[in-house]
Structures are given as C-alpha cells and as structure tokens.
Amino acid sequence: MEYSEKMFDFRDGINCEIKKDVPMKMYSSFKTGGNASLMLSPKDEKSLFEAVKKCKENNIRPFILGNGSNILVSDGGIDNVVIHIGKGFDEISLIDDTTIRCYAGCSLMRLCRFALENSLSGLEFAYGIPGSVGGAIYMNAGAYGGEMKDVVVSCDYITFDGDKGTYTKDEMQLSYRNSIFNNSDKIIVSVILKLEKGSKTEIENKMNELMGKRKSKQPLEYPSAGSTFKRPEGHFAGQLIEECGLRGKTIGGAQVSEKHCGFIINKNNASSDDIKDLIEFVRDEVLEQKGVYLETEVKFI
Ligand SMILES: Cc1cc2nc3c(=O)[nH]c(=O)nc-3n(C[C@H](O)[C@H](O)[C@H](O)COP(=O)(O)OP(=O)(O)OC[C@H]3O[C@@H](n4cnc5c(N)ncnc54)[C@H](O)[C@@H]3O)c2cc1C
C-alpha cells in the first residue's frame with residue numbers, strides 16, 4: 001500500500017529522524033527526482049526495528065536508501081516511506097587482526113581508508129565507489145578485477161517483518177551486480193569482511209592508482225550513477241554505445257558522456273525523464289545496430 005499522510009502519524013513510538021516531502025535530488029547522485037513523502041533515518045538498530053515495525057503495522061513496504069549512487073528516482077517522487085541507512089549505521093571496528101565489522105550506512109570510501117590505516121589489503125578496488133557498504137553488498141559492487149564477494153564473510157539483516165537474521169557469504173548469492181537482497185524484504189544492517197595483512201605503502205599506492213584511473217577515464221565532474229548499463233557478456237557497454245555513434249547523444253539535459261560512453265550524465269539540469277528517455281534510446285539503438293540488449297545497472301525508483 002502506498003504511503004498517505006492521512007493514514008496515521010508516523011511519529012508515534014519511533015525514535016528516528018523524520019522528514020516529510022524530502023527532495024530526492026539531494027539524495028541521488030544523478031541529482032534528479034521528485035520528493036519522497038516521508039524519510040526515516042534510524043539512529044541505531046533499535047530505531048530501525050521500530051521504523052520497520054511501524055511500516056509493517058501500516059501495510060507499508062518501505063524503500064531502503066543507501067547513498068543513492070545507483071538509483072534514478074522518478075520526477076513524480078516516491079509516494080512511500082524511505083528508510084535511509086546512513087548516519088547512525090556507520091560504525092567500523094576490528095574483530096581481529098584481519099577481520100572488520102562494518103555497519104551498512106558507512107561509506108565504502110571510509111571503509112577503504114579504515115582498511116588502509118590498519119594495513120589491510122583486499123578493498124583497494126572499492127576506493128572511489130561512492131556507495132554505502134549496504135548498497136555495495138546489495139549490488140555486489142566491483143571494479144578493476146575485485147568485487148565485494150571477494151572480501152565478505154557474512155552479513156546481518158532485518159526483514160520488513162522485524163525478524164533478524166545472518167547470511168553467510170554463500171547464502172548472500174553474490175554475483176555480477178546482484179545478490180539475494182535484490183528486490184527482497186531484507187535490510188542489510190552490518191557486514192563482516194576478511195582482508196589480508198599487507199604493506200601500507202603498497203595498499204595506498206594501489207588505491208591512489210585506481211582513483212587516478214577513475215579521474216582520468218570517468219566524467220566525475222557531472223552527476224551520474226556510474227556505469228548506466230551492466231556489462232553484456234562478451235562486450236563492453238561503453239564500446240557498443242560508442243560504435244553506435246552515440247557519444248555525446250543528448251536528450252534534454254541528459255547526455256551520453258563524451259568522456260566515457262558507458263556513463264549517462266546529468267549534463268545540464270536534466271530531469272529523471274530525460275535520463276530515462278536517453279537510457280531507452282541508447283538501449284534501442286544498441287539492440288538494433290548490434291543485436292545486444294543492454295540491461296541497466298541503475299535501479300529505477
Ligand atoms: C561516479 C560513480 C562511480 C561508480 N563506480 C562504480 C564501480 O566502479 N563499481 C560499482 O559496482 N558501482 C559503481 N557505482 C555505482 C554505485 O556506487 C554502487 O552500485 C554502490 O554500491 C551503490 O551503493 P549505494 O549505497 O549508493 O546504494 P543506493 O543507490 O542507495 O541503492 C542501490 C540499491 O541498494 C539497495 N540498498 C541500499 N542500501 C541497502 C541496505 N542497507 N539494505 C538493503 N538494501 C539496500 C537500495 O534499495 C537500492 O535498490 C558508481 C556510481 C557513481 C556515481
């Protein structure tokens with residue numbers, strides 16, 4: 001059931017930060033999208049439980065937001081409750097010399113720096129991915145030959161019914177930009193990661209090298225959600241798009257990046273509709289010219 005303010009007062013009995021009519025362009029790396037009816041930002045596991053319970057009591061299936069770096073929110077907004085896993089879920093700690101426990105709202109960047117400070121190797125690939133740890137598990141985020149699957153041991157979650165559980169790595173079914181959490185009723189709460197002791201200098205050099213590659217190859221100066229499409233088997237999405245003559249193709253304020261054709265960027269005050277129309281245009285052209293269907297990595301909300 002969709003959220004409607006008339007149904008009940010959400011403030012009763014939950015200890016979350018609560019905001020109404022929240023402009024989602026402030027929470028999406030595309031910098032587009034309409035308002036969310038209600039945003040709950042739990043302060044800890046207890047208040048997350050309360051928020052989930054409140055949604056359940058009111059037949060609401062909330063949308064879970066991490067850092068918003070892989071979503072395209074419709075211009076009409078989200079007529080629903082958004083539970084934002086961010087501040088309050090950003091604790092990181094060492095369990096032993098090579099094992100880290102990290103909460104889902106922590107940024108991947110901070111986690112990478114924590115690993116570096118402790119001379120732990122294995123997360124260098126993730127340095128520069130602008131997501132939260134929860135979003136990175138949900139998506140099995142990866143780059144430069146690494147992915148979250150390589151470093152995850154287990155993960156704690158809470159369901160929309162308020163039940164708590166733990167998945168081992170195998171149970172998480174991590175595969176290319178996918179996991180068991182995709183479209184499920186489970187909220188990732190915290191993760192355990194296993195890394196290896198390494199040389200701090202080498203780890204730092206690798207992180208800087210990969211960040212340098214990102215800066216030189218990706219249009220980081222414009223809002224985007226990273227690679228718009230998944231890599232089709234046997235191809236590279238960016239290369240197919242370029243070969244179809246779509247470099248710089250523009251619809252409204254959205255553009256196929258001139259720097260990297262795999263990125264659709266918000267070049268000039270784009271709406272989400274501009275971006276969506278361009279995604280569909282590119283997909284149709286590539287299918288027609290190359291016979292390859294491009295599946296989006298970006299989630300439409
Ligand atoms: C410039 C740029 C570069 C990028 N480079 C890469 C890259 O190299 N590799 C890569 O894989 N991705 C990349 N991305 C995409 C994005 O950063 C990743 O997919 C990231 O893991 C998304 O995390 P998030 O917290 O932003 O998730 P969001 O965008 O907030 O959400 C994505 C999905 O995860 C779900 N979700 C988020 N948190 C939770 C939670 N705690 N529990 C349950 N569900 C949750 C949401 O409901 C949504 O369906 C890039 C994006 C940008 C903008």
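Read-outs: derived from the displayed coordinates by stated rules, not from any lab. This one's a predicted model, so the numbers in the text were calculated from it and none came from an experiment. Virtual Cβ from ideal backbone geometry, glycine too; neighbours counted across all protein chains shown.
What the table shows:
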{"item": "Mean separation of Cα contacts under 8 Å, 6 or more apart, over the residue count of the range 157-213: relative contact order %", "result": "32"}
{"item": "Under 18 Å from Lys164, Cα to Cα: lysines that are on another chain or at least 8 residues apart", "result": "Lys43, Lys46, Lys53, Lys54, Lys56, Lys186"}
{"item": "Three-way shape call for the chain based on the alpha-carbon gyration tensor, with the a/c threshold at 1.5", "result": "oblate"}
{"item": "Alpha-carbon centroids, the range 80-156 and the range 193-256: separation in whole Å", "result": "19"}
{"item": "Loop-exposed GluC sites (Glu not before Pro) per DSSP, neighbour cap 15 Cβ within 10 angstrom, longest uninterrupted part of the chain", "result": "92-220"}
{"item": "Pair Asp277, Glu295: separation of 7 Å Cα→Cβ label points (nm)", "result": "2.8"}
{"item": "Span-rule helices in the chain, defined as complete DSSP H runs reaching 20 Å or more along the axis (Cα) with Kyte mean at least 0.5", "result": "none"}
{"item": "Computed [θ] at 222 nm, helices only, for the chain once each DSSP H run of length n ≥ 4 contributes -39500 (n - 2.57)", "result": "-7500 deg cm²/dmol"}
{"item": "Long-range amide H partners of Gly77 with built H, under 5 Å", "result": "Gly34, Asn35"}
{"item": "In Hz, Karplus ³J(HN,Hα) per residue of the range 261-268 (6.51, -1.76, 1.60; θ = phi - 60°; x = Gly, Pro)", "result": "5, x, 9, 9, 10, 8, 7, 8"}
{"item": "Rg over Rh [alpha-carbon atoms, Kirkwood Rh] for the range 108-192", "result": "0.97"}
{"item": "Cα-projected label distance for Glu196 with Glu45, points at 7 Å along beta-carbon direction, nm", "result": "3.1"}
{"item": "Aspartates and glutamates with Cα under 17 Å of Lys217, excluding same-chain neighbours fewer than 8 positions away", "result": "Glu209, Glu242, Glu258"}
{"item": "Packing-based exposure ordering (other Cβ within 10 Å, fewest first) of Ser37, Ser216", "result": "Ser216, Ser37"}
{"item": "Vicinal HN-Hα couplings computed from phi for the range 15-24 (Karplus, 6.51 cos²θ - 1.76 cosθ + 1.60; Hz; Gly/Pro x)", "result": "10, 10, 6, 10, 10, 9, 6, 8, x, 5"}
{"item": "Under Karplus coefficients 6.51, -1.76 and 1.60, residue-wise ³J(HN,Hα) of the range 141-147 in Hz, glycine/proline x", "result": "4, x, 5, 6, x, x, 8"}
{"item": "Rounded FRET efficiency, nearest 0.05, which uses the C-beta distance separating Arg113 from Lys164 and R0 of 25 Å", "result": "0.30"}
{"item": "Anchor Lys169: aspartates and glutamates whose Cα lies under 16 Å away (excluding residues fewer than 8 positions away in-chain)", "result": "Glu147, Asp150, Asp156"}
